[in-house]
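What follows draws every value from the coordinates through simple rules; no lab data is involved. Note that the structure is a prediction, hence the values are computed from the model and not measured. Cβ coordinates were reconstructed from backbone atoms using ideal geometry, including for glycine residues, and neighbour counts include every protein chain displayed.
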Protein chains: 4
Amino acid sequence: MTERELREIVARLHGELTRYGLVAWTAGNVSARVPGRDLMVIKPSGVDYDDLSADNMVLCDLDGVPVEGDLSPSSDTAAHAYVYRAMPEVGGVVHTHSTYATAWAARGESIPCYLTAQADEFGGEIPVGPFALIGGDDIGKGIVSTLTGHRSPAVLMRNHGVFTIGPTARAAVKAAVMCEDVARTAHLARALGQPIPIAQADIDALYDRYQNVYGQRPSPAPSS
Amino acid sequence: MTERELREIVARLHGELTRYGLVAWTAGNVSARVPGRDLMVIKPSGVDYDDLSADNMVLCDLDGVPVEGDLSPSSDTAAHAYVYRAMPEVGGVVHTHSTYATAWAARGESIPCYLTAQADEFGGEIPVGPFALIGGDDIGKGIVSTLTGHRSPAVLMRNHGVFTIGPTARAAVKAAVMCEDVARTAHLARALGQPIPIAQADIDALYDRYQNVYGQRPSPAPSS
Amino acid sequence: MTERELREIVARLHGELTRYGLVAWTAGNVSARVPGRDLMVIKPSGVDYDDLSADNMVLCDLDGVPVEGDLSPSSDTAAHAYVYRAMPEVGGVVHTHSTYATAWAARGESIPCYLTAQADEFGGEIPVGPFALIGGDDIGKGIVSTLTGHRSPAVLMRNHGVFTIGPTARAAVKAAVMCEDVARTAHLARALGQPIPIAQADIDALYDRYQNVYGQRPSPAPSS
Amino acid sequence: MTERELREIVARLHGELTRYGLVAWTAGNVSARVPGRDLMVIKPSGVDYDDLSADNMVLCDLDGVPVEGDLSPSSDTAAHAYVYRAMPEVGGVVHTHSTYATAWAARGESIPCYLTAQADEFGGEIPVGPFALIGGDDIGKGIVSTLTGHRSPAVLMRNHGVFTIGPTARAAVKAAVMCEDVARTAHLARALGQPIPIAQADIDALYDRYQNVYGQRPSPAPSS
């Protein structure tokens, strides 16, 4: 894949964030690692989703420093970059403040596994990461420490929002879409009573089958 | 109706699932029995809704085995196929994880009949089926055992989602749309207090009238 | 206005029901009285919203009997017709099962006046009408007896849905849109605590001002 | 910027209110101060959002009196005008009845700061203003007295809705979009338990950083 093709893919994937209502104004972002190079492509800061194109995506090194052009990358670039440095198997990262998932994050609660679709995609609960301020490596560290050794490709960062990872940017976008879908259904289920948990053996069977059928995600990275 | 026309109908009906917000990513599917033959047409696995067309629908036998082409059918094909084998009056099957209906399913609760529209379309409560793992006939058996002898064309499969049936694929899609509509309204009604149940005699009168006026659905199949 | 223009207006106004998400499948309908004649124009039964046009609107007399063409009118035609017979100042009627309003209707609860926009448009609470079976004049009678002498152009028919009236079909559609908007906000306000009621004198002042500024609705009909 | 360009900007910004579902029928409005002149551009009263254009925006003086053309300005013009007179640093004002924010307003509750995005944009809680009747300066006074000396560019007017301000109309629209986003997430967070508050020092750090990075908003006006 050329860098040009990757820019087009990343620009276009932002359309899935708006299609599923995961983002307001300019608040979410998608990035992808340039295969085989220590580079990443990410959304520019503060540009409307309608105006994104291959041309205005920002190419950065894995410290989050732009390597060409005049546009500033997303203000969340440091967190994306930290993940790429620490988790070599990750090819795409997505960040949103999607509503229901962020509501769980505001309570600091992980999402229990009430749904077979959650067992398939997330392998169990969706975990909560620590509160962290923007502006250094704290958010990145919180994402990596929570997701390392965990089946879930999504983490709810406390009082903040969602980060998802995947072998490709598209897989990370899928995880962001499914995370909000699961968060919404689990919210509604619990709003009127107590959902029935799924037995751990059934969660394991569902996850194993789904990963084999679709099998596009490598095993979790060793602790960084 | 030719097989070609049926492929076009099934492809296009997926557009109703996205229009009404019943599906996320590639998670729901529609199928139709080929009239007079032991064949069915179903969504291919993992293809975006935007990319569905008559050409990429998958023609399968009633064991769920593709009879032509290279595309794999939906991972839910076994459940659809089981329903067609067990319920000869069924011409269409739909599966979704629509949010509100699935929230009831996560609690293992049937939806009581609080609405005249529910009495019309479902003839009373919308029932819950058993927890079942994907990969064999368990889901299909759960659908058939729950819907056989029941007025409702929709079943909430526990911790999973919705399956609906109909004499045609279009009727099954309508039932999926109405199931989510009813599930959402019933959820909201109960969130702030106790809805007023509809008397059984009134439910019966509404259902009888609706079936006669629109009268397109045959009587329930005998126990399989 | 010609009958042709009225058909176009009524067909097009159904687009507002879908735009605001007030209807699922084919479940809501708009009608208008033909000015100066004992006739009404209404949606055909069971036709998709996408397929509505001036040509397939159904012209009926005020007993709900079609006076030309082959299409059947909406199954709610008897209720619309009853309203036109009993309330000569009404020029348009709308029926929906919009979600939040219908949730209040399922509990048999009127919507208290928590919002200045509700005071403006509805002059206070939105009332509940009786449970009534379709197929005779019961629904029409319930609408008329509830709205006669009441400021509100909307009634929540118990376990059923919303009917709204207006001097024109457009005004009735506006009332249907605002009814759902008010029902949703009031639901959410009450979900987390106790909303603050608006004092009756303030409701009166708001309603009087709004009716004078926009002043397109005649005073309520005398009891029928 | 010419007055013509400002009219186009204001007309087009209303499209963001509909895109994000902040308005029903014709109930919200955007205005902008004409830079360097005692004039403002505002939505006409009762015109559909689909029909807004540069040509039908209404040019008013800062008492809210139209200075050209035949169209009446929004019925909320007096409140906008009062803000421009009292807060010279304000270049844009937006009013909506957006659902979740208005639900907090109906309870007379400010929105506590549970989210880093809220700390960024609003600098802490979103405050509640007084109940005020339309038709004089009471709404304007309530907005100005609440927002003066407060970090938040948004105020929840009790039992009414949201007003937001900004150095430009676009900034005020962004604040209206983010206010509803924050109000919805905070509502859902609290619906299932107790969200974790963010420490004041962290709120301050987030707000300071965000204002410096995006730094387009002047400091609050002195008390009027």
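Tabulated values for the structure
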| quantity | calculated |
| --- | --- |
| Point-charge dipole on Cβ atoms (K/R +1, D/E -1) for the protein assembly as shown, about Cα centre, debye to 20 | 1400 |
| Residue (of A:Asn212, A:Ala101, A:Ala199) at the positive-pole extreme of chain A, dipole from beta-carbon charges | A:Ala199 |
| Cα centre as origin, Lys/Arg/Asp/Glu Cβ charges: the range B:59-183 dipole, Debye | 280 |
| Over 15 Å [Cα-Cα, the range A:87-140], rounded percent | 64 |
| Whole-number percent relative contact order across the range C:27-181, with pairs defined as alpha carbons under 8 Å at least 6 apart | 24 |
| Violating pairs (Cα-Cα greater than 27 angstrom) within the set B:Lys174/D:Lys174; B:Lys43/C:Lys43; A:Lys141/A:Lys174; A:Lys43/D:Lys174; A:Lys43/D:Lys43; A:Lys43/B:Lys43 | B:Lys174/D:Lys174; B:Lys43/C:Lys43; A:Lys43/D:Lys43; A:Lys43/B:Lys43 |
| Kirkwood Rh in Å, taken over the range B:80-224 so that all alpha-carbon pairs contribute | 15.1 |
| Selected from D:Leu192, D:Leu52, D:Leu39 as most flexible by GNM, with chain D as the system and alpha-carbon contacts under 10 Å | D:Leu192 |
| For the protein assembly as shown: rounded, prolate or oblate by the Cα gyration tensor [a/c cutoff 1.5] | oblate |
| Gap separating the Cα centres of the range D:1-28 and the range A:164-192, nearest whole Å | 32 |
| Signed unit charges on C-beta, dipole axis of the protein assembly as shown, positive-most listed residue A:Val30, A:Cys60, C:Thr164 | C:Thr164 |
| Dipole magnitude of chain A, debye to nearest 20 (Cβ charges: Lys/Arg +1, Asp/Glu -1, about Cα centre) | 460 |
| Integer Hz, Karplus 6.51/-1.76/1.60 couplings in order for the range C:62-68, x for Gly and Pro | 7, 9, x, 8, x, 10, 6 |
| Alpha carbon centroid spacing (whole Å) that separates the range B:108-151 from the range A:92-147 | 33 |
| Shape box of the range C:1-150 [Cα atoms, principal axes, largest first, Å] | 44, 31, 30 |
| Inter-label distance, nm, simple model (7 Å from Cα along the C-beta direction), D:Asp137/B:Glu5 | 7.3 |
